[in-house]
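Okay, so here's the structure we're looking at.
The values are calculated or read from the model by the stated rules, or taken from the named source; none is laboratory data. Keep in mind that what you see is a predicted model, and the values were worked out from it rather than measured. We place every Cβ from the backbone using ideal geometry, glycine too, and count neighbours over all the protein chains shown.
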Amino acid sequence: MDHHTTWFSFLPGYQNLLDYLNGYYSGSILMPAGAHEYESVHHIFAAGLVFLFLVIMALLARARLSDIENAVIPDKKLTPLLMFELILELVMGMMESVLGKEYKRYVPMIGTCALFILFSNLLGLVPGFVPPTDNLNTTFAVASVVFVWFNFHGFRQAGHHHITHMLNPVGAWWGWFLAPLLGVVEVFGVLIRPVTLALRLAANMIGDHAVLFAFAGIFPLLVPLPFYALGLLVCLIQTAVFCILSTVYIALHTPEEHH
């Protein structure tokens, strides 16, 4: 199976969708001449697969929690409930260290991002699959949700001061004279955050998948194993980096609550 083909290529309707998107976007900025059309399709199916997997695991974990007396005792083997507990416990510990006692309000968003990004990254370690996070469309969509989220809470807590603080970060009367300079820098810094989040995650996953695919193609047995271990480490680190930065952005835009 070459790099331009994944297991999704054999799904019914995949080629029809590919042809439709190729004809609709051909020559546009979304699909310039010479681009690999499959890259505009595979991440959609991959993201759907990850979403379906998480839904099934969540339903199994919920079924386990229905018997609350037995659920209190940790499972001896890795179950969906234990898996979610391990991941979310790490996420919540990180968030509490950054946001303080009010961190629980933001767990649903950051926890969801952590689960989706982690299992999307891990999907790239399965032969024949490409992770949805190696596509900028996916990473920018997730980063845009985070961008809307931390700005929403900034407006929720500070109102119009969320904007005036960016224009006059000094907070003094004389700071308004520097607003044409500092304001532009601050606003640009906020607007660039979802872009940097998306580019960092996508670029690292593209590089990791390219290295793994290259060595797996040349040496299909044993030799790629260290690179699979390295790929696993990259998947974990990139998930942690995305969640940490997202949490820091929330803290920066909700100063009244966390400072």
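For region 121-162, the tally of residues that are closer than 15 Å to Ile44 by Cα and charged (D, E, K, R) stands at 1.
Restrict the check to region 33-53 and report whether at least one residue is aromatic (Phe, Trp, Tyr), under 24 Å from Ala210 (Cα atoms), surrounded by 10 or more Cβ atoms within 10 Å (Cβ to Cβ) and at pLDDT below 70. There is at least one residue in region 33-53 that is aromatic (Phe, Trp, Tyr), under 24 Å from Ala210 (Cα atoms), surrounded by 10 or more Cβ atoms within 10 Å (Cβ to Cβ) and at pLDDT below 70. Being under 22 Å from Thr247 (Cβ atoms), modelled with pLDDT of 70 or more and among the small types (Gly, Ala, Ser) is a property that does not hold for Ala158. Quick check on my filter: what residues within region 216-242 are β-branched (Val, Ile, Thr) and either touching a Ser or Thr at 6+ places or on another chain (Cβ under 6 Å) or modelled with pLDDT of 80 or more (or both)? Scanning region 216-242 gives Val234, Ile237, Thr239, Val241. Scanning region 121-140 for residues that are farther than 18 Å from Phe227 by Cα and surrounded by 21 or more Cβ atoms within 10 Å (Cβ to Cβ) returns Pro132, Thr133, Asn135, Thr138, Thr139. Picking from residues in region 205-215 that are buried (at least 17 other Cβ atoms within 10 Å of the Cβ) and aliphatic (A, V, I, L, M), the one that is modelled with the lowest pLDDT is Leu212.
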